[in-house]
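Chemist: Got a structure for you, written out below as C-alpha cells; questions coming shortly.
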Amino acid sequence: MAAFIGLFRRDLSLALRQGGDTGLVIGFFVLAVVLFPFGVGPEPDVLQRIGAGIIWVAALLAALLSLDRLFEADYQDGELDLLALSSLPLELAVLAKCAAHWVATGLPLALTSPFLALLVDLDPGSVATLFASLLIGTPALSLIGSVAAALSLGARRQGVVLSLLVLPLYIPPLIFGAGAVEASAAGNGARAYLLILCAVTLAALALCPWASAAALRQALE
Amino acid sequence: MINWLANPARFMRLSARVVPWCGRAAALALAVGLFWSLVMAPPDYQQGDTVRIMYVHVPAAWMALSVYLFVAVASAVALVWRHPLAEVAAGAAAPVGAAFTFVCLATGSLWGRPMWGAWWVWDARLTSVLILFFLYLGYIALANAFDDPSRGGRAAAVLALVGVVNLPIIKFSVDWWNTLHQPASVMRVGGPKIDISMLAPLLIMALGFSLLFVALLMVRMRTALNERRAMALRLNAGAIPDSRPGRGRALSAHTMVP
C-alpha cells in the first residue's frame, strides 16, 4: 500500500510541478469549446441544444491529448522496467498512475465544465448534471486511455495510433455522459444515464488495469 | 491439434493442398447462393425485391462478428502459448474481417435508404458495428506500427482481447435498446422465424462466405509466412560480410532454409 501511495504521489507531483500538463489540458478544453460558437453560430438555442455534447467531446479530446504522458516518459528513461520488477503488482502500479492522471487532468476538466456550461447557455439543472457526469465519467477516460497508451508505447507515429485506438473505446462514456445532460435538459431525469455511466466506469476500473499491465509487460520484453 | 499445427512447414504443406479445393467450394457455393437468392427466391410481401440485399448483408454481418471472435481466440492462443501460427492467423484474418464489416455497413446503408428513408441511422446496432469496424482498423494500424513485427503482433493481440467487450453489445443491441434495426430472426430461441424459401439461400450464402474466409485466410497466412522467410533470408544475407560479392549471399541463403 505504501508503494501504491508513493507512486501516486510521485506521478501527481511530477504532473503538477512540471506545470504545463494540467494547464495545457484545461487550455485546450476551453479553446475547443470556444471554437464551436464560431463554427455553428452564436444563437443561444442552438448552443443550448448541442452544448453538452460539445463539452463532452472537447473533454474526450483533452483527455486524449494528455494520454501519451501516462507511460511514455517512464518508458523512455527505464522507470517502467523498475516498476515491473518491484514488489508492487504491475496492475496496481497502473491503477496508481491512472489515479494520478485523473487527479491531474480528469478532475480539473470536471471542475472547469460549469464555467464552460455558462458559455453555451445550459440551464442550471443541466449544469449540475454535466458536472456530475464528467466527475463520474472522466475516471473511465483515464483507465481506458491507459490501455491504449500502454499498447502504443514505442510505436511509430504514436499519437495517431493512440487516437485511432482510444476514440472508438471512448464512445460508451460519451453516449451516456452526453445523454445524461440531454435527459436532464428535457426534464426526464438523468438518473438512469448516470447509473449506466457509473457502471461503465466501474467496469473500466475492474478490467483496464489488467489489460494495461499485460500491454506493458509485452512492451517491456 | 494445437501443437501439431504449430509447425509452419507442416501448415504450408497442408494448406497448399486445401486452398484450391476450399476456393472452388467457395466459388460454387457463392454462385449457387447468388443465383438462388437474386433470381429464384421469392420477393418479400412488404419489401419487394429490396429484400435480396439481405442475402449479402446478413452473412457479411455474421462473418464480421465471427471473424473478430476468431481473431480474439487466435490472439489469446498466441499470447498464452506463444503459438507461432496463431499470431500469423490473427494478423491475416483481421483485414478480411474488416472487409466483411465494411460490406455489412455498405449493404446495410443501401438497404436503409429505401426502407428507412435514410442512409444512416444512429441506432445501437449500427453504432456498435461501426465501432467494430474501427476496432478492426485500430488492430491493423497497431499491428503495423512497430519496427519489430512480432512486437506489433503482441500489442494488437491485447487490443483484440480488449475489443471482445463489444461483441455481446452488438449481438444483443437489438434486444437491449429499442432500435430501428430489426431483432434477430434466424439465430433465436425457438428456431428461425424466416420462411424456408428464403432461409435456404441465406444459409448457402453464409456457407459460401465462410468458405471464402477460410480460403482467403490460408492464402494470406501463406503469404505472411513466405514474407517472414524472405525477410529472414535477407537479414541473414546482410549479416554476413561479403568480401566476394554474391558469394556470401548464396551461402547464407542455403544455411538458413530448413
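Rule-based calculations on the coordinates, nothing more; no lab input. Remember, it's a predicted structure, so these values are computed and weren't measured experimentally. Counting neighbours? That spans all protein chains shown, and the Cβs are built from the backbone with ideal geometry, glycine included.
Chemist: Condition (residue is charged (D, E, K, R), within 13 Å of chain B (Cβ to nearest Cβ) and surrounded by fewer than 18 Cβ atoms within 10 Å (Cβ to Cβ)) applied to the stretch A:186-194: is it met by at least one residue?
Modeler: The initial filter retains those residues of the stretch A:186-194 that are charged (D, E, K, R), namely A:191.
Retained after the next criterion (residues that are within 13 Å of chain B (Cβ to nearest Cβ)): none.
Looking for residues that are charged (D, E, K, R), within 13 Å of chain B (Cβ to nearest Cβ) and surrounded by fewer than 18 Cβ atoms within 10 Å (Cβ to Cβ), one finds none in the stretch A:186-194, hence no.
Chemist: Which residues, counting only those in the stretch A:152-211, are in a helix (DSSP H, G or I), of a type outside the set (F, W, Y) and in contact with a Phe, Trp or Tyr (Cβ under 7 Å, 6 or more places away or on another chain)? Lay out the reasoning, then the answer.
Modeler: First, pick out the residues of the stretch A:152-211 that are in a helix (DSSP H, G or I): A:158-169, A:171-185, A:191-211.
Filter again for of a type outside the set (F, W, Y), leaving A:158-169, A:171-175, A:177-185, A:191-192, A:194-209, A:211.
A:P168, A:L174, A:G177, A:A178, A:G179, A:A180, A:A183, A:I196, A:L197, A:V200 - these are the residues of the stretch A:152-211 that are in a helix (DSSP H, G or I), of a type outside the set (F, W, Y) and in contact with a Phe, Trp or Tyr (Cβ under 7 Å, 6 or more places away or on another chain).
Chemist: Identify, please: which residue in the stretch B:132-185 is surrounded by fewer than 16 Cβ atoms within 10 Å (Cβ to Cβ) and aromatic (F, W, Y) and is, among those, nearest to B:P84 (Cα to Cα)?
Modeler: B:F172
Chemist: Determine if the stretch B:161-175 includes at least one residue that is out of contact with any helix residue (DSSP H, G or I) (no Cβ under 7 Å at 6 or more places or on another chain) and among the aromatic types (F, W, Y).
Modeler: yes
Chemist: Follow-up question, since we're still on this one. Can you tell me how many residues within the stretch A:141-169 are more than 10 Å from chain B (Cβ to nearest Cβ) and either hydroxyl-bearing (S, T, Y) or more than 17 Å from A:S113 (Cα to Cα) (or both)? Even if it seems obvious, please write down each step before you answer.
Modeler: Kept after step one, since they are more than 10 Å from chain B (Cβ to nearest Cβ), are these residues of the stretch A:141-169: A:141-143, A:145-146, A:149, A:159.
Those still in the list that are either hydroxyl-bearing (S, T, Y) or more than 17 Å from A:S113 (Cα to Cα) (or both) too: A:142-143, A:145-146, A:149, A:159.
So the count comes out to 6.
Chemist: Let me ask something additional. Quick check on my filter: what residues within the stretch A:195-212 are crowded, with 19+ Cβ neighbours inside 10 Å and more than 13 Å from every other protein chain (Cβ to nearest Cβ)?
Modeler: Scanning the stretch A:195-212 gives A:L197, A:T201.
Chemist: Still on this structure, I have one more. Restricting the stretch B:139-155 to residues that are facing chain A (nearest Cβ under 8 Å) and either in contact (Cβ under 8 Å) with a residue 24 or more places away in the chain or not in a helix (DSSP H, G or I) (or both), which is nearest to B:A72 (Cα to Cα)?
Modeler: Among them, the one singled out is B:R154.
Chemist: Let me ask something else. Can you tell me which of (1) touching a Ser or Thr at 6+ places or on another chain (Cβ under 6 Å); (2) more than 28 Å from B:L142 (Cβ to Cβ); (3) in contact (Cβ under 8 Å) with a residue 60 or more places away in the chain; (4) buried (at least 18 other Cβ atoms within 10 Å of the Cβ) is the one B:V58 doesn't meet?
Modeler: For B:V58, the failing item is (1).
Chemist: Here is a further query. Looking only at the stretch A:52-103, filter to residues that are without any contact (Cβ under 8 Å) to a residue 60 or more places away in the chain and of a type in the set (D, E, K, R); which one of those is nearest to A:L116 (Cα to Cα)?
Modeler: Here is the first cut: in the stretch A:52-103, the residues without any contact (Cβ under 8 Å) to a residue 60 or more places away in the chain are A:58, A:61-62, A:65-66, A:69, A:73-74, A:76-79, A:82, A:85, A:102.
Remaining after also requiring of a type in the set (D, E, K, R): A:69, A:74, A:77, A:79.
On the way: A:R69: 25, A:D74: 34, A:D77: 38, A:E79: 38 Å.
In this case the residue turns out to be A:R69.
Chemist: I've got another one for you. In the stretch A:178-193, is there at least one residue being closer than 19 Å to A:A63 by Cα, in contact with a Cys (Cβ under 7 Å, 6 or more places away or on another chain), of a type in the set (A, V, I, L, M) and in contact (Cβ under 8 Å) with a residue 24 or more places away in the chain?
Modeler: no
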